[in-house]
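Working notes, beginning with the structure itself.
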Amino acid sequence: MQIKISALSKVGSMLAFEEEIPVKEYPELAQVGEFHSPLTVRGTAVKTEDGFLVTGTLATSVILECSRCLEPFIYHIEADFVEEFVPQTSKNSRTGTGFSELAEEVSTYQGDYIDISELITESVLLDIPMKAVCRTDCRGICPDCGQALNETTCQCNPHKPDPRLAVLADLLKDQ
Ligand SMILES: [Zn+2]
Ligand SMILES: [Zn+2]
């Protein structure tokens, strides 16, 4: 996604943007899973002394597999983003040497457009949990009989005296 910034010449001048983007335009995201809705991106670009400050929010939803019950569910993504963009020069090129640690937080642009595709991709990926659960009280699958405990209960003893599990349960309690 590109923001045309040629109209922003004075420091402090601002431009609002809003776009709905098909996820297929972001191949890195398409790898995560099947998206359930397009990416809705809205935000503002403000001219600063050094470049532009881009802030905004994005929303979409993706079909993930619950790490407990293994059922697919729709995970809603909503993320804020903020990034500073400065004009690309030979000095501050991301691949160049000698640029300070600022390179982590500052992106560059060339010409009349700021490309926020990478920013959008990162924001979406950061919002997706490693172990997604369909709901916080998902009961998962019984490790003994394999039944889906959201739909049924089983007769397995939930309080089996396994000392290893007791240690694990203590650890999880603190999280
Ligand atoms: Zn689940
Ligand atoms: Zn069971």
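Every read-out reported here was derived from the displayed coordinates using simple, explicitly stated rules and does not represent laboratory data. All values derive from a computational prediction rather than experimental measurement. Note: ideal-geometry Cβ built from the backbone for every residue, glycine included; neighbour counts use all protein chains shown.
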request  = Write down the Å³ per residue value for the convex hull defined by the alpha carbon atoms of the chain.
outcome  = 170 Å³
remark   = Residues Ile116, Ile141, Ile128 in order from fewest to most other beta-carbon atoms within 10 Å are Ile128, Ile141, Ile116
query = Can you give the extra length, in nm with one decimal, that the chain gains between Ser9 and Glu84 once fully stretched, where that is 0.36 nm per residue apart less the Cα-Cα distance?
reply = 25.4 nm
note = The ³J(HN,Hα) series, computed from each phi in region 107-113 with the Karplus coefficients 6.51, -1.76 and 1.60 at θ = phi - 60°, rounded to the nearest Hz and given as x for glycine or proline, is 9, 10, 9, 10, x, 9, 10
query = What residues have an amide H closer than 5 Å to that of Asn150, excluding those fewer than 5 places away on the same chain, when H is modeled at 1.01 Å from N in the peptide plane?
reply = Arg139, Gly140
With Cα atoms, 0 to 90° folded angle of helix 117-127 axis to the chain main axis = 20 degrees
key: J(HN,Hα) series, region 25-31, from Karplus relation 6.51 cos²θ - 1.76 cosθ + 1.60, nearest Hz, glycine and proline x   = 6, 10, x, 4, 6, 4, 5
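Test of understanding: given the chain, find the longest segment containing no GluC sites (Glu not before Pro) that are in a DSSP loop and have at most 10 other Cβ atoms within 10 Å. It would help to have the intermediate numbers written out before the result.
Working: sites that count: Glu49, Glu105, Glu151.
It works out to 50-104.
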note = The ³J(HN,Hα) series, computed from each phi in region 139-146 with the Karplus coefficients 6.51, -1.76 and 1.60 at θ = phi - 60°, rounded to the nearest Hz and given as x for glycine or proline, is 8, x, 10, 5, x, 8, 10, x
message = If you fit an axis through the alpha-carbon atoms of helix 163-173 and take the longest principal axis of the Cα set of the chain, what angle between them do you get, 0 to 90°, nearest 10?
response = 40 degrees
remark   = Quick calc: nm separation of the 7 Å Cα→Cβ label points for Gln31 and Glu65 -> 1.8 nm
Average Cα contact separation per residue, the chain, under 8 Å, 6 or more apart, as relative contact order % = 19 percent
key: Distance in nm between pseudo-label sites at Thr57 and Asp144 (7 Å out along the Cβ direction from Cα)   = 4.6 nm
task = Between beta-carbons, use under 15 Å as the cut-off and find the net charge around His76, counting Lys and Arg +1, Asp and Glu -1.
result = -3
note = Val41 neighbourhood, Cβ < 11 Å, K/R = +1, D/E = -1, net charge -2
note = Under 5 Å from the placed amide H of Tyr109, counting only residues 5+ away or on other chains, we find Val86, Gln88
request  = Would you please give the residues with an amide H less than 5 Å from that of Ser61, counting only those at least 5 places away or on a separate chain, with H modeled from the backbone geometry?
outcome  = His36, Ser37, Ile77
DSSP bridge orientation in the chain - percent antiparallel, rounded to nearest 5 = 90 percent
